[in-house]
1. As an exercise: evaluate LEU83 against (1) more than 7 Å from the ligand (Cβ to nearest atom); (2) without any contact (Cβ under 8 Å) to a residue 60 or more places away in the chain; (3) crowded, with 21+ Cβ neighbours inside 10 Å and give the number of the one condition it does not meet.
2. In region 163-186, how many are over 17 Å from ILE202 (Cβ atoms) and in contact with a Ser or Thr (Cβ under 7 Å, 6 or more places away or on another chain)?
3. List the number of the failed condition for GLU128; all other conditions in (1) more than 17 Å from GLY189 (Cα to Cα); (2) within 14 Å of the ligand (Cβ to nearest atom); (3) among the charged types (D, E, K, R) hold.
4. Taking region 54-71 as the search range and keeping residues that are in a loop (DSSP other than H, G, I, E, B) and either more than 10 Å from the ligand (Cβ to nearest atom) or buried (at least 21 other Cβ atoms within 10 Å of the Cβ) (or both), which one is nearest to the chain's Cα centre (by Cα)?
5. Restricted to region 175-207, and to residues that are in contact (Cβ under 8 Å) with a residue 24 or more places away in the chain and of a type in the set (Lys, Arg), which residue is nearest to GLY27 (Cα to Cα)?
6. Within the bounds of region 106-122, is there any residue that is more than 16 Å from PRO50 (Cα to Cα) and more than 13 Å from the ligand (Cβ to nearest atom)?
7. Would you be able to tell me the number of residues in region 41-53 that are near the ligand (Cβ under 8 Å from one of its atoms) and polar (S, T, N, Q)?
8. Modelled with pLDDT of 95 or more and either away from the ligand (no atom under 16 Å from the Cβ) or within 27 Å of ASP60 (Cβ to Cβ) (or both): does that describe VAL188?
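The values are calculated or read from the model by the stated rules, or taken from the named source; none is laboratory data. On a predicted model such as this, the values are computed, not experimentally measured, just so you know. Heads up, the Cβs are rebuilt from the backbone with ideal geometry, glycines too, and the neighbour counts pull from every protein chain shown.
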Amino acid sequence: MPTKPTDPAFLDVAQLEAGTIYRLLSGAVAPRPIAWVSTVDAEGNANLAPFSFFNVVSVDPPVLAFAPLLDDRAAPKDTVRNLEIIRECVVHVGSEDLIEALNATSATLPPDADEFTHAGLGKAPLGELKPPRIAEAPIAFGCRVRDVLNFGDRPRSGRLVLAEVVVIHADPAIWDGRHVSREALRPVGRLAGADYVRTTDIFSLERPV
Ligand SMILES: Cc1cc2nc3c(=O)[nH]c(=O)nc-3n(C[C@H](O)[C@H](O)[C@H](O)COP(=O)(O)O)c2cc1C
């Protein structure tokens with residue numbers, strides 16, 4: 001059935017405020033996995049922040065994508081500023097065991113403040129990469145930035161970071177060489193606002209041949 005402007009379900013994006021579009025997108029595109037991203041600035045100060053605009057976009061080569069938005073003053077977040085200088089990051093997966101610490105690292109701190117220290121997390125090296133991985137996190141994807149797409153210069157305009165995975169830390173407690181243990185990893189998804197979801201109510205559906 002054709003949609004008309006008089007249809008209450010019809011929304012013209014050009015007439016909507018960014019805050020409204022944010023609530024619509026983040027409520028409807030849910031649950032979202034959470035990238036927990038470590039970067040460093042030119043002085044070597046570490047930065048850590050969660051981003052639920054996140055997914056896998058290529059397997060060979062392995063590429064992850066996450067999207068820090070410009071802030072309310074249309075300024076890039078520290079993660080993006082760092083990646084413009086040191087084009088490396090470590091991406092962890094948000095999980096229940098570390099969710100309080102993950103949330104703590106979403107605080108707006110001064111650029112040179114270290115969110116690892118702020119959240120009580122340890123650092124460990126990952127290969128030759130400059131950003132540290134979170135010592136407590138069972139899986140960490142060490143990445144080099146392939147590209148950053150720019151969707152505009154207004155508050156909440158996205159920067160899509162395409163990060164190629166070059167080295168992986170996978171604790172044998174969650175990775176047996178063939179499967180990731182969901183019970184051990186306990187990944188969580190983000191819904192809208194302050195809501196999250198666990199992955200404990202599972203059902204299976206075979207794909208058609
Ligand atoms: C679970 C969670 C998911 C988030 N996802 C995003 C996101 O996808 N994009 C974004 O711009 N901010 C997101 N935020 C907010 C950022 O984490 C927050 O702005 C943070 O301070 C950015 O850190 P930085 O300035 O060190 O890069 C999220 C926050 C939380 C708690």
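1. In the conditions (1) more than 7 Å from the ligand (Cβ to nearest atom); (2) without any contact (Cβ under 8 Å) to a residue 60 or more places away in the chain; (3) crowded, with 21+ Cβ neighbours inside 10 Å, LEU83 misses (2) alone.
2. First, pick out the residues of region 163-186 that are over 17 Å from ILE202 (Cβ atoms): 163-173, 175-178.
Then drop every residue that is not in contact with a Ser or Thr (Cβ under 7 Å, 6 or more places away or on another chain), which leaves none.
Within region 163-186, residues that are over 17 Å from ILE202 (Cβ atoms) and in contact with a Ser or Thr (Cβ under 7 Å, 6 or more places away or on another chain) number 0.
3. Going through (1) more than 17 Å from GLY189 (Cα to Cα); (2) within 14 Å of the ligand (Cβ to nearest atom); (3) among the charged types (D, E, K, R) one by one, GLU128 breaks only (2).
4. Looking only at region 54-71, we keep the residues that are in a loop (DSSP other than H, G, I, E, B), and these are 60-61, 67-68, 70-71.
Those still in the list that are either more than 10 Å from the ligand (Cβ to nearest atom) or buried (at least 21 other Cβ atoms within 10 Å of the Cβ) (or both) too: 60-61, 68.
Values: ASP60: 20, PRO61: 19, PRO68: 8 Å.
Applying the filter and picking the extreme gives PRO68.
5. Step by step, filter region 175-207, then rank; the result is ARG190.
6. The answer is yes, given that some residue of region 106-122 is more than 16 Å from PRO50 (Cα to Cα) and more than 13 Å from the ligand (Cβ to nearest atom).
7. Restricting attention to region 41-53, the residues satisfying the condition of being near the ligand (Cβ under 8 Å from one of its atoms) are 47-53.
Retained after the next criterion (residues that are polar (S, T, N, Q)): 47, 52.
Residues that pass the stated criteria total 2.
8. Working: modelled with pLDDT of 95 or more: yes; either away from the ligand (no atom under 16 Å from the Cβ) or within 27 Å of ASP60 (Cβ to Cβ) (or both): no.
Against the criterion (modelled with pLDDT of 95 or more and either away from the ligand (no atom under 16 Å from the Cβ) or within 27 Å of ASP60 (Cβ to Cβ) (or both)), VAL188 does not qualify.
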